[in-house]
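Q: I have a structure I would like to understand better, so I am pasting it below and will then ask my questions one at a time.
Every number in this text was worked out from the coordinates using simple rules, so none of it is lab data. What you are looking at is a predicted structure, and each value in this text was computed from that prediction instead of being measured. Here the Cβ positions follow ideal geometry from the backbone for every residue, glycine too, while neighbour counts run over all protein chains shown.
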Amino acid sequence: MARLSVLALLLLLPACAGGGWNGSVQCAPYAREHSAINLRGAAASWWGQARGQYARSSVPRAGDVLVFRPTGRLPAGHVSVVRQVRNTRLVLVDHANWEPGRVTRRAPVEDVSPANDWTRVRVWWTPVEGMGKTVYPAFGFIEPTPPDRS
């Protein structure tokens, strides 16, 4: 019974909390290792941590980190590394643990926000070979450059 309780507790750990039971297959350590953004902790905390250290934007650029807000499905948020900007509404990202325990490369992420400000996104879901139906809230993009001090 104790083993079952421990397993259940481990399964409840946030998927992108910077470690956890899948180790480096989590989104936060993966994004840190595959971008020039050196932040730690839960993915959703990266947006606040970036203030004063990195520029933040609603316009994607290759090398940026897209930061998802926490939700019921993503209690620790999520981070993805932008690899290519296809147009103002579509980027390709690399990210870990979007599909449990896996790294997904060049996954499409689509901006579906009314203002085209990347505050609402849909993400490619390989099991259905298409965009997922869920719309996720996002903070925006952390750029691997210092913030504008002017």
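Q: Among 131-138, 79-86, 32-39, what's the highest-first ranking by average C-beta atoms within 10 angstrom per residue?
A: Ranked from most to least packed, the peptides come out as 79-86, 32-39, 131-138.
Q: Residue by residue, what Karplus-based ³J(HN,Hα) values in Hz, rounded to whole numbers, does region 48-64 have, using 6.51, -1.76 and 1.60 with θ = phi - 60° and x for Gly and Pro?
A: Along region 48-64, the couplings run x, 4, 5, 3, x, 10, 10, 5, 10, 8, 9, 10, x, 9, 4, x, 6 Hz.
Q: Grab the alpha carbons of region 24-99, take their convex hull, and tell me the volume per residue in Å³.
A: 91
Q: Can you give the extra length, in nm with one decimal, that the chain gains between Asp148 and Asp117 once fully stretched, where that is 0.36 nm per residue apart less the Cα-Cα distance?
A: 9.2 nm is the gain from fully extending Asp148 to Asp117.
Q: Post the alpha-carbon centroid distance, region 25-50 to region 87-105, in whole angstrom.
A: Region 25-50 and region 87-105 have Cα centres spaced 14 Å from each other.
Q: Length gain on complete extension for the stretch Val85 to Ala55, per 0.36 nm per residue less the alpha carbon to alpha carbon distance? Can you show the working numbers first?
A: Details: separation 30, 0.36 × 30 = 10.80 nm, distance 1.78 nm.
Full extension of this stretch gives 9.0 nm more.
Q: By the scheme Lys and Arg +1, Asp and Glu -1, what is the net charge of all other residues having a beta-carbon under 11 Å from that of Val121?
A: With Lys, Arg at +1 and Asp, Glu at -1, the neighbours total +1.
Q: Now for a separate question. Over the Cα atoms of region 84-150, how large are the radius of gyration and the largest Cα-Cα distance (Dmax), in Å?
A: 13.3, 46
Q: Please list the non-local residues whose amide H lies under 5 Å from the amide H of Gly77, H modeled 1.01 Å from N, same-chain partners needing a gap of 5 or more.
A: Ala44, Thr71
Q: At what distance in nm do the modelled label points of Val128 and Glu99 sit from each other, each positioned 7 Å from its Cα along Cα→Cβ?
A: Inter-label distance under the simple model: 1.5 nm.
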